1. For the pair VAL91/ALA50, report the inter-label distance in nm, with labels modelled 7 Å from Cα in the Cβ direction.
2. Between ASN29 and ARG210, what is the spin-label point distance in nm, taking each point 7 Å from the Cα along the Cα→C-beta axis?
3. Sticking with the crude label model, points 7 Å out along Cα→Cβ, report the distance from HIS238 to GLU296 in nm, one decimal please.
4. Rounded to a whole number, what % of the accessible area of the chain do carbon and sulfur atoms account for, probe 1.4 Å?
5. Write down the percent of antiparallel bridges among all DSSP beta bridges whose residues are both part of the chain, to the nearest 5.
6. Given N residues in the stretch 350-397, what is its alpha carbon radius of gyration divided by 2.2 N^0.38 Å?
7. Rg over Rh of the stretch 276-347, using C-alpha atoms and the Kirkwood radius, what does it come to?
8. If amide hydrogens are placed 1.01 Å from N in the peptide plane, which non-local residues have theirs closer than 5 Å to the one on ASP352?
Amino acid sequence: MIGAEKGAPSGSPSNKGYMLEKGKGIMENKRRVFLIVLDSVGIGEMPDSADYGDAGSNTLAACARSGKLNIPNLRQLGIFNIEGVGCGTPVEAPAGAVARLAEASKGKDTTIGHWEIAGLVSPQPLPTYPQGFPPQVLAEFESRTGRGVLCNLPYSGTRVIQEYGDAHMRTGDLIVYTSADSVFQIAAHEEIVPVEKLYEYCRAAREILRGEHGVGRVIARPFVGPAGGQFVRTPRRHDFSLEPPGVTMLDQLSKAGKSVIAVGKIQDIFAGRGITEHVYTGGNEEGIRRTLEYMEQDFEGLCFVNLVDYDMLYGHRRDVDGYAGALTAFDQYLPEIMGKMGPEDLLMITADHGCDPAYTRSTDHTREYVPLLMYGKNVRPGNLGTRETFADIGATVLHYFGIRQEIAGEPLTL
């Protein structure tokens with residue numbers, strides 16, 4: 001795919017076998033990588049999907065069947081040319097290099113998926129709590145906060161505040177709930193528990209939830225609304241993540257003096273480690289807008305973007321048409337994104353897991369392959385087949401900057 005030219009920094013890999021446009025020196029211009037994660041846009045079941053209860057899942061194919069999917073720019077990049085994608089019509093000459101990536105980690109959640117993209121494979125899944133959290137965890141949490149606990153079950157975040165909101169306002173007890181993900185979520189009304197106090201409670205939970213009970217994220221879920229009325233969540237959600245247990249691509253890039261810019265929830269997923277600048281976003285539209293703004297800036301390094309609406313608003317809610325519409329909206333921005341790329345820029349578009357909006361057996365994530373599409377002047381279009389791990393992304397990014405990798409994965413080659 002890409003590689004270091006002659007004259008690259010000492011210790012960088014050879015360019016043999018890589019698709020690199022001739023005549024481009026590694027220091028001729030600043031190199032930038034824009035890595036965009038379309039959160040949960042899987043492209044079909046993996047061989048072990050049945051072990052996760054996800055046999056037959058295919059997020060992209062579900063959207064294609066809806067009749068609401070219109071992604072001509074992704075198609076031209078080669079999304080329907082990916083091996084085994086199972087939907088759409090391929091193009092004869094894709095504009096990008098494409099691959100299908102398998103998940104080597106055990107799991108199908110946001111945290112593990114992003115960690116693997118960054119080169120950290122997880123041999124064990126993060127703990128989940130389909131029956132709620134054990135008494136000893138809640139007892140310590142209540143002792144640290146001085147408040148009781150309501151719910152303690154897997155729940156929809158919008159439904160749980162309707163069913164427990166009034167009791168919370170009467171008692172001051174905290175609404176604690178989970179999901180199919182490895183999360184400990186705390187919902188509280190902003191008039192009962194000020195947001196900064198809620199964050200303090202989340203930090204206490206994060207200290208408790210380590211080791212055996214080391215969930216991927218503790219999430220603050222503030223809400224507002226009158227007692228007996230319709231409660232609504234506010235945008236002041238905040239995630240308190242488990243720190244990655246090993247070296248990631250982000251650590252290596254920042255250590256090498258490169259910028260690592262996080263857009264969306266990337267900052268929280270990596271507990272801020274290895275990140276030099278971050279901005280939170282309120283959804284896909286703002287995430288894309290912020291990315292376009294960063295494309296106007298002068299930096300050398302990585303801009304790592306998460307677009308969460310596919311998963312949060314449409315996948316878990318099993319809204320097929322909404323999911324397809326959100327993909328269509330992203331596709332409409334692609335010409336502008338690609339048009340802002342410099343001669344040494346690399347665009348990478350991928351996902352972190354699946355969340356098939358047509359899969360009715362559960363509202364959980366689905367264990368699927370994910371797409372990888374790459375575009376730039378240094379990229380030779382082609383099909384790179386099926387890869388063994390998402391970590392090939394991190395390895396490719398480090399290779400692009402001439403940094404000897406300390407992470408899992410292999411740089412993408414033909």
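The values are calculated or read from the model by the stated rules, or taken from the named source; none is laboratory data. Not measured: the values here are computed from a predicted model. Every residue, glycine among them, receives a Cβ derived from its backbone with ideal geometry; neighbour counts consider all protein chains shown. Accessible surface areas use protein heavy atoms only, side chains included; no ligands, DNA or RNA. Shrake-Rupley method; radii C 1.70, N 1.55, O 1.52, S 1.80 Å.
1. 3.7 nm
2. That separation, rounded to one decimal, is 4.6 nm.
3. 2.9 nm
4. 48 percent
5. 35 percent
6. Against the compact-globule rule of thumb, the ratio is 1.46.
7. Here the Rg-to-Rh quotient is 1.01.
8. Amide H neighbours of ASP352: SER40, VAL41.
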